[in-house]
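First comes the structure, then the notes that go with it.
A short reminder: the numbers here are calculations on the coordinates, not readings from a lab. What you see is a predicted model, and the numbers here were worked out from it, not measured in a lab. As a convention, Cβ positions derive from the backbone with ideal geometry for all residues, glycine included, and neighbour counts pool all protein chains shown.
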Amino acid sequence: MASPTPSSSISAVAESKSIALKAEKVSVYYGSNLAVKDVYLDIPEHEIVAFIGPSGCGKSTILRCFNRMNDLIPIAKVEGRILFDGEEISGKRVDPVELRRRVGMVFQKPNPFPKSIYDNITFGAKINGYQGDYDELVERSLRGAALWDEVKDKLKESGLGLSGGQQQRLCIARAIAIEPEVILMDEPCSALDPISTIKVEELMHDLKSKYTIVIVTHNMQQASRVSDRTAFFNAIATDKGGKMGYLVEYDKTEAIFSNPKEEYTRDYVSGRFG
Amino acid sequence: MTADVTGDIAPGSWNPKRDRAKMVQIIVKIIFGAFAAISIFTTIGILGTLIFETIAFFQEVSIIRFLTETRWTPLFASKQFGIFVLISATVMIAVISVLVALPLGLLSAVCLSEYATPRVRKILKPILEILAGVPTVVYGYFALLTVTPFLQTFLPNLQGFNALSAGLVLGVMITPLVASLSEDALYSVPRSLKDGAYALGATKRETVVSVILPAAVSGIVSSLILAISRAVGETMIVTLAAGANPTLGFNPFVPVMTMTAFIVQITAGDAPHGTTAYKTLFAVGMTLFLMTFALNIFSFWFVRRFREKYD
Ligand SMILES: Nc1ncnc2c1ncn2[C@@H]1O[C@H](COP(=O)(O)OP(=O)(O)O)[C@@H](O)[C@H]1O
Ligand SMILES: [Mg+2]
């Protein structure tokens, strides 16, 4: 088994783009289990970065570091530095509640609240003390998530009554309603049908001008369709019988898919394993 | 099946005892069916007696008297049968107990399911269970001999037997029920929903108040209704602490008589079989049954109406 050195993959973003999120030697433990080791990653502003790799290699775990959702898992422990707009966000002194307003998240399974479509959108705005016009906010967010035309006549109906694809776009609308700077998406299309998937992908293109997007996907076509950069994660077996994830290679998406530097990456993107 | 697949296995080495399995199956079905039937017939028997004796009662006392008279004196020479005298006491005590049990039970449920560390949980849960295991007669004496004297120190016009102490202590008694069932309801709110709230920048309190509690409301309400049914049917505490003085109205400071307390009074004394007093017992029992039955129907309807389906 080859050693999991991150090699040139950390190759930070060469051009002088401003970096929205930065991971420096981030490792995450669940209990005593080292789940992901030593991840270095620079995510530039207004780009879409995709995380790919076999399941269990720590993509979701790393994604959750960027909005401190790992704090909610009692046994999770994060080491290393994570920077957002140049400021460290991993310390005790940073309030994760404040951070999560600026770094939104969309989950694998659509999880609208059992409330009306309208209240789903206004929930985040209310708790964050939004002062503006709520009707306008709802329309703007739903338009932003390409859902407005489908739901504008039933805003008072439960969000759970929508189809899976619509629910996921409602969750995206809910996330952009609080005007975050970054949107993290953890396999947002894995529970959706192909047509809804295409809609969400198109939506991500539109959102790129306003937000930085990090998306975890198990679908390599999706990564190549939507992302500017791709990070390939892999896992190796540890002596304790567990698995330890690490970042193999991170580069522009074309490079990862047409000319990867690492053999693992080449095997993975050509479908030879995973 | 093609011959070459089965060909490897000698045909004689498999001989499942299908007939015996079928026989056992049938016998088991009959046994379980019999047990199910016993409980159904018992229920029918109880209901039947209740209905039969209640009809007999209403042949002697008109239903209009039962519903409109303002005194409850079935054992006196001048008999009156105003059931609302007993209902008012039952309802008042149940309301007091819910006023205690709802906040206490719900807060402990929220605390246990959302705030408590595993260690605190380990201490709190058994305490709640002990509370649920205290015999009601102990609660009754506690209400009569401890709570009432204590309350009298600052409520001087509180009488020795009163609805207030009975209601308060009854509330403590049903708190574990509310707490444990509400906790189940809170616990079953999907993790993904909480994550959704946290990811939008909600604090723990905001998540609990705006997402978890509303999502669990059907379970909380049904736990509450079950607790009310228990309170309405509770006998020992009210008999010991609330007195045996049928009083119409909602004054918690004076002795009252609940429906259950009346039933105890009649059954403890010996009302001869077939007398009006004896039949009154069944009319009151029927009223009690209808009340709890209505509560259960409501709860059933509410849960079906408001339960969210997450898949
Ligand atoms: N809440 C958790 N508790 C314990 N172990 C976890 C938890 N979440 C993830 N893990 C472990 O961490 C490793 C990485 O998981 P994850 O980040 O979900 O991988 P991916 O998203 O790439 O499939 C896995 O081995 C998984 O078992
Ligand atoms: Mg994952």
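Less than 12 Å Cβ to Cβ from A:Asp119, Lys/Arg counted +1 and Asp/Glu -1: what total charge do the surrounding residues give?
Spelling it out: positives minus negatives among the neighbours equals +3.
Give the angle, between 0 and 90 degrees and rounded to the nearest 10, that separates the Cα long axis of helix B:163-187 from the longest principal axis of the Cα atoms of chain B.
10
For the stretch B:98-207, which chymotrypsin sites (Phe, Trp or Tyr not before Pro) are in a loop by DSSP, counting at most 12 other Cβ atoms within 10 Å?
Those that pass, being in a loop and sparsely packed, are B:Phe154.
Considering the options A:Asn33, A:Thr212, B:Gly160, tell which one lies farthest towards the positive end of the dipole of the protein assembly as shown, charges being +1 on Lys and Arg and -1 on Asp and Glu at the Cβ, about the Cα centre.
Positive-end residue among those listed: B:Gly160.
Please state the shape class of the stretch A:84-231: rounded when a/c is under 1.5, otherwise prolate if a/b exceeds b/c and oblate if not, all from the C-alpha gyration tensor.
oblate
Determine, from the Cβ-Cβ distance of A:Glu157 and B:Ala77 and an R0 of 60 Å, the FRET efficiency 1/(1 + (r/R0)^6), rounded to the nearest 0.05.
0.40
What nm value, rounded to one decimal, do you get for the distance between B:Ala268 and A:Asp71 when each label is placed 7 Å out toward the C-beta?
Label at B:Ala268, label at A:Asp71, 5.9 nm between them.
Need the C-alpha centroid separation for the stretch A:60-116 versus the stretch B:112-169, integer Å.
Their Cα centres are 43 Å away from one another.
For the stretch A:243-272, which trypsin sites (Lys or Arg not before Pro) are both in a DSSP coil and crowded by at most 16 other Cβ atoms within 10 Å?
A:Lys261, A:Arg272
Each residue of the stretch B:129-138 in order: what ³J(HN,Hα) in whole Hz does its phi give by Karplus 6.51 cos²θ - 1.76 cosθ + 1.60, θ = phi - 60°, with x for Gly and Pro?
The phi angles translate into 5, 4, 4, 6, x, 5, x, 5, 5, 5 Hz.
Which residue, B:Val110, B:Val28, B:Val120, has the most motion in a Gaussian network model of chain B that connects Cα atoms within less than 10 Å?
It is B:Val28.
Taking trypsin sites (Lys or Arg not before Pro) as candidate sites, keep only those in a DSSP loop with at most 12 other Cβ atoms within 10 Å, then name the longest stretch of chain B containing none of them.
That gives B:18-308 as the longest site-free run.
From the square roots a ≥ b ≥ c of the eigenvalues of the alpha-carbon gyration tensor of chain B, which class results: rounded (a/c under 1.5), prolate (a/b over b/c), or oblate?
Oblate is the answer for chain B, as a/c is 1.5 or above yet b/c matches or exceeds a/b.
Need one word for the stretch B:1-114: rounded, prolate or oblate. Basis is the Cα gyration tensor (sqrt eigenvalues a ≥ b ≥ c); a/c below 1.5 gives rounded, then a/b vs b/c decides.
oblate
Tell me the angle of helix A:134-144 to the major Cα principal axis of chain A, expressed in degrees between 0 and 90 and rounded to the nearest ten.
50
Calculate the FRET efficiency for B:Arg18 and B:Val303 from the Cβ-Cβ distance with a Förster distance of 41 Å, rounded to the nearest 0.05.
0.45
Report the full-extension gain for the segment A:Ser270 to A:Arg143: residue separation times 0.36 nm, less the Cα-Cα distance, to one decimal in nm.
42.0 nm
Using a 10 Å cut-off on Cβ atoms, rank the peptides B:36-49, B:91-104, A:55-68 from the highest mean neighbour count down.
A:55-68, B:91-104, B:36-49
Please compute the modelled spin-label separation between B:Thr49 and B:Ile27, points set 7 Å along Cα→Cβ, answer in nm with one decimal.
Roughly 3.5 nm, to one decimal.
Pick out, in residue order, every one of the trypsin sites (Lys or Arg not before Pro) in the stretch A:102-170 that is DSSP loop and has at most 14 other C-beta atoms within 10 Å; say none if there are none.
A:Lys152, A:Lys154, A:Lys156
Just want to confirm a number: the relative contact order over the stretch B:180-289, from Cα pairs under 8 angstrom separated by 6+ residues, in percent.
Here the relative contact order equals 20 percent.
How shielded is B:200-208 by partner chains, expressed as the average number of their Cβ atoms within 10 Å of its Cβ atoms?
Mean number of neighbouring Cβ atoms from other chains: 6.
Find which of B:Ala116, B:Gln80, B:Ala101 sits farthest along the positive direction of the dipole of the stretch B:64-126, computed with +1 on the beta-carbon of Lys and Arg, -1 on that of Asp and Glu, about the Cα centre.
Working it through, the farthest residue towards the positive pole turns out to be B:Ala116.
In Å, what is the Rg of the alpha-carbon atoms in the protein assembly as shown, and how long is Dmax?
Both quantities, over Cα of the protein assembly as shown: 33.2, 105 Å.
What distance in nm separates the simple spin-label points at B:Ala132 and A:Ser258, each placed 7 Å from Cα in the Cβ direction?
Result for the modelled spin labels: 6.6 nm.
Considering all alpha-carbon pairs of the stretch B:16-59, what whole percent are spaced by more than 13 angstrom?
When all Cα pairs of the stretch B:16-59 are counted, 67 percent exceed 13 Å.
Say R0 is 56 Å: what FRET efficiency, to the nearest 0.05, do A:Gln221 and B:Thr117 get from their beta-carbon distance?
Calculated transfer efficiency: 0.80.
Using a 10 Å cut-off on Cβ to Cβ distances, tally the other chain neighbours for every residue of A:119-130 and report the average as a whole number.
3
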